[in-house]
Amino acid sequence: MPINESQLDSWSAQGSVQQSAATYQSMRNILDHKDSPYYPKFYEIFLQGSYGNDTNVWRDSDVDIVMRLTSVYYADLSNLTPEHKANFERLRAPTEYSLAVFKEEVAAWLTKHFGTGVDASGKAIFVPGNGNRRDADVLACAEHRDFITYPAIGNPTYREGIIFWKSDGTQIINYPKQHSTNCTYKHQNTNSYFKPTVRIFKNIRNRMIEDGRLQEGVAPSYFLEGMLSNVPNNLYGTSYQQTVISCFNHIYGMEDKSALKCANGIHWLLRHGYPVCWSPDDHNTFMEAFRQFWIDF
């Protein structure tokens, strides 16, 4: 039988807001301190992930914070004409500062303030919580520009994102601001059903993990948001039960899912072998587990 509306309404609720907001503010105060070694550089600080997108549930713990270096940017010139590539090479000013140095300085500064529990060995710098402060992941990254034009006179045009390297050397280019903006638009255009629906799917995923029906890591929140952003707006609304059924059936029933995009509207959602895409095998595993959970609940 379908899961009843009361249960879905409970699963639609947002998790801790005040504690995550306090964590972000306290972390931001430290990260943006005038005495930090990187303070003279240009950078920006913003939230990403579940707390940044208001899709957090009670099981979510880490607050994801982006520290994006803008004094230095990395470029993709593949879409430029030879003439515009030459303009780029001629006009770009070199810099000695690097993302690697920036991450080292951010990690050292956080360690100075939060102690030896700070761990910079992963793609993000982990800062353990204490008291009312939650655990935090600080992603030290740089601005990435995918250039569209680079004229000899006037401003170039480009798509702005972030870039960083994982500990194994894998390069990651992503677009968290576009992801967040598109999720907000989707929420507004679905009569405020999108984000609660994401939270329902996340809570069901968490329940399936707890019950041993699904392995941890098969269905990251980022990809669930991306999957649900592809569902037509008119399938949201009326009730949570009808919305979940309609969203699931729409994706499950698609014969060709290769054209689905992540919520940023840039990356493909489902592809083998790409770190910014959801493995089709993992997606299928999640969908089948979800279908069976819904039947058995």
What order do you get for 43-53, 108-118 when each peptide is scored by the mean count of other beta carbon atoms within 10 Å, highest first?
43-53, 108-118
Taking θ = phi - 60°, what integer Hz values does the Karplus form 6.51 cos²θ - 1.76 cosθ + 1.60 yield along segment 102-108, in sequence order, with x for Gly and Pro?
4, 5, 4, 5, 5, 4, 5
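Let's see if you can work this out: charge +1 on each Lys and Arg Cβ, -1 on each Asp and Glu Cβ, no other charges. What is the dipole magnitude of the chain about its Cα centre, in debye to the nearest 20? Could the numbers behind the result be given before it?
On the way: 28 positive and 32 negative charges, 94 e Å.
In debye, rounded to 20, the chain gives about 460.
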Report, by chain and number, residues whose modeled amide H sits under 5 Å from the one on residue 46, excluding near sequence neighbours (fewer than 5 apart, same chain).
66, 68
Among 255-265, 170-180, 82-92, how do they line up from the highest to the lowest mean number of other beta-carbon atoms within 10 Å?
170-180, 255-265, 82-92
Could you grab the relative contact order for segment 36-180? Cα pairs under 8 Å, six or more apart, rounded to a whole percent.
26 percent
For residue 20, tell me the accessible area in Å² from a 1.4 Å probe, rounded to the nearest 10.
10 Å²
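One-quarter of the Cα convex hull surface for the chain, in nm²? Kindly include the intermediate steps, with their values, before the conclusion.
Numbers: hull surface 71.1 nm².
Convex hull of Cα atoms, orientation-averaged projection: 17.8 nm².
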Give the accessible area for residue 210 in Å² (nearest 10); use a 1.4 Å probe, count only protein heavy atoms, and leave out ligands, DNA and RNA.
130 Å²
Magnitude of the Cβ-charge dipole of segment 1-122, K/R +1 and D/E -1, about the Cα centre, nearest 20 debye?
420 debye
Determine how large the accessible area of residue 41 is when every protein chain is in place; take a 1.4 Å probe and give Å² rounded to the nearest 10.
80 Å²
Cα-Cα longer than 28 Å, checked against 41/123; 85/123; 123/261; 41/186; 103/202, kept in input order, equals 85/123; 41/186; 103/202
If I take every Cα pair under 8 Å that is 6 or more residues apart in the chain, average their sequence separation and divide by the length, what percent do I get for the relative contact order?
19 percent
Residue-by-residue Karplus 3J(HN,Hα) for segment 169-178, coefficients 6.51, -1.76, 1.60, Hz, glycine and proline x:
x, 5, 7, 10, 10, 9, 9, x, 5, 5
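Just the number, please: percent antiparallel of the DSSP beta bridges in segment 1-146, rounded to the nearest 5. Show your work: numbers first, answer last.
On the way: 11 of 22 bridges.
Taking every DSSP beta bridge with both residues in segment 1-146, the antiparallel ones total about 50 percent.
The values are calculated or read from the model by the stated rules, or taken from the named source; none is laboratory data. Owing to the predicted nature of the structure, the values given are computational and were not obtained by experimental measurement. Note that we place each Cβ from the backbone using ideal geometry, even for glycine, and neighbour counts take in every protein chain shown. These accessible areas exclude ligands, DNA and RNA; they are computed on the full protein's heavy atoms, side chains included. Shrake-Rupley method; radii C 1.70, N 1.55, O 1.52, S 1.80 Å.
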